[in-house]
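First the structure, in the form of structure tokens, and then the observations on it.
The values are calculated or read from the model by the stated rules, or taken from the named source; none is laboratory data. Since this is a predicted model, take the numbers as computed values, not measurements. Every residue, glycine as well, gets a Cβ built from its backbone with ideal geometry; the counts of neighbours run over all protein chains shown. Accessible surface areas use protein heavy atoms only, side chains included; no ligands, DNA or RNA. Shrake-Rupley method; radii C 1.70, N 1.55, O 1.52, S 1.80 Å.
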Amino acid sequence: MRLAVLSDIHANLHALQAALRIAEQADVEAIYCLGDIVGYNADPGPCVDLVREHCTHVVQGNHDRAVATGTGMEQLPQDAQRAATYHRSVLSADQLAFLRTLPLVDTVGPCTLVHASPDAPDAWKHLSAYQDIRKQFEHFDTPFCFMGHTHIPAVIADALGVFEVRAGHRYLINVGSVGQPRDHTPKGSLVLFDTEALIHRCVRFSYDVDAAAARIEAEQLPERLAYRLREGQ
């Protein structure tokens, strides 16, 4: 199956629209979303609606949970708390219910979907230590586990020295962030993946960053959030 896998949209409508155009042009058969539809940026409602319309499988991220339930709000950075509070005030009851009822983990054919980590999906870990990353393979059974949360794309195999997807191995695949990349480029990120041909492509795409930043400023969200978009932080 030809897939597009998205994560960490963070209410960035301009970036999400660009990502969906790429998925359409790639003629994918399904689009999966790994959570954090909301948080940080200025258009949570339209982003929730587009995800519901276009994504066949969606899991919950920590910002989704914080916005929908208030749980974990205190664990977010101060700017993110302000954005989450704003999002809670503008989303409809139906949109909040959608976010609240998303699963933490989903399995679709050969793919496990999770926002942060398969071993403790509601702990919202930022995996960085080698030993912690290696342990993740014990907590999913499928060939591929797609994840986000760090906003930095990566491919990690179950064996040393394997840097590209190929037969005979299992993989953790971080798809990066559609709406708030953090690897010092403002370009959004998504993954196109063919589960049969084992073709993996991380697509970095441009979108109207200035328009997205202007929306942040128009809604009087913290100015640093607009700066982070422009700087890829």
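Can you give me the long-range amide H partners of Gly188? Hydrogens built in the peptide plane at 1.01 Å from N, cutoff under 5 Å, separation of 5 or more residues or another chain.
Phe205, Tyr207
Can you tell me how much longer the chain between Phe205 and Glu53 gets when fully stretched, taken as 0.36 nm per residue apart minus their C-alpha distance, in nm with one decimal?
52.6 nm
What is the gain in length, in nm to one decimal, between Ser89 and Thr101 on full extension, counting 0.36 nm per residue of separation less the C-alpha to C-alpha distance? Intermediate results must be reported in sequence, preceding the final value.
Numbers: separation 12, 0.36 × 12 = 4.32 nm, distance 1.84 nm.
So the extension gain works out to 2.5 nm.
Residue by residue, what Karplus-based ³J(HN,Hα) values in Hz, rounded to whole numbers, does segment 225-231 have, using 6.51, -1.76 and 1.60 with θ = phi - 60° and x for Gly and Pro?
Each residue's phi maps through the Karplus curve to give 5, 5, 4, 4, 4, 5, 9 Hz.
Considering amide H positions built from the backbone, and no H for Pro or chain starts, which residues 5 or more places from Leu6, or on another chain, come under 5 Å of its amide H?
Hits under the 5 Å cutoff: Tyr32, Cys33, Leu34.
Run the quick spin-label model on Ile133 and Asp158: label points 7 Å from Cα toward the beta carbon, then report their separation in nm to one decimal.
Going from the Ile133 label point to the Asp158 one covers 1.7 nm.
Give or take rounding to whole Å, what are the principal axis extents of the alpha carbon atoms in segment 113-157, in descending order?
23, 21, 19
Take the Cα radius of gyration of segment 130-220 and divide it by 2.2 N^0.38 Å, with N its residue count; two decimals is plenty. Numbers along the way, then the final one.
Values: Rg = 15.8 Å, N = 91, 2.2 N^0.38 = 12.2 Å.
Normalised by 2.2 N^0.38 Å, the Cα Rg of segment 130-220 equals 1.30.
In square nanometres, what is one fourth of the surface area of the convex hull spanned by the alpha carbons of segment 3-44?
Numbers: hull surface 10.3 nm².
For segment 3-44, averaging the hull's shadow over all directions gives 2.6 nm².
For the Cα atoms of the chain, what angle does the longest principal axis make with the long axis of helix 44-54, in degrees from 0 to 90, nearest 10?
Between the helix axis and the principal axis of the chain, the angle is about 40 degrees.
Tally Lys/Arg at +1 and Asp/Glu at -1 over every other residue whose Cβ is under 13 Å from the Cβ of Cys47; what's the total? Don't jump to the answer; show the numbers that get you there.
Details: positive: Arg52, Arg215; negative: Asp8, Asp36, Asp43, Asp49, Glu53, Asp64.
Neighbour charge sum, excluding Cys47 itself: -4.
Given the C-alpha centroids of segment 194-233 and segment 42-97, what is the distance between them in whole angstrom?
17
From the phi angles alone, apply the Karplus equation (6.51, -1.76, 1.60; θ = phi - 60°) to segment 6-14 and give each ³J(HN,Hα) in whole Hz, x where the residue is Gly or Pro.
Computed from phi, the couplings for segment 6-14 are 10, 8, 6, 6, 6, 6, 9, 5, 4 Hz.
I'd like the isolated cysteines in the chain, meaning no second cysteine's beta-carbon lies under 4.7 angstrom from theirs.
Cys47, Cys111, Cys145, Cys202
I need the phi-derived Karplus couplings for segment 98-115: 6.51 cos²θ - 1.76 cosθ + 1.60, θ = phi - 60°, integer Hz, Gly and Pro marked x.
Those phi angles translate into 4, 5, 5, 9, 5, x, 7, 9, 9, 10, 10, x, x, 10, 9, 10, 8, 6 Hz.
Would you work out what percent of the accessible area of segment 96-233, with all protein chains in place, is carbon or sulfur (probe 1.4 Å)?
50
Is the chain best put as rounded, prolate or oblate by its Cα gyration tensor, with a ≥ b ≥ c the root eigenvalues, rounded for a/c under 1.5, and otherwise prolate when a/b is larger than b/c, oblate when not?
Working: a/c = 1.62, a/b = 1.46, b/c = 1.11.
It is prolate, given that a/c is not under 1.5 and a/b is the larger ratio.
Angle check, please: helix 78-90 long axis (alpha carbons) against the longest principal axis of the chain (alpha carbons), in degrees 0 to 90, nearest 10.
Around 70 degrees separate the two axes.
How much length is gained on full extension from His126 to Thr185, taking 0.36 nm per residue of separation minus their Cα-Cα distance?
Extra length available between His126 and Thr185 comes to 19.3 nm.
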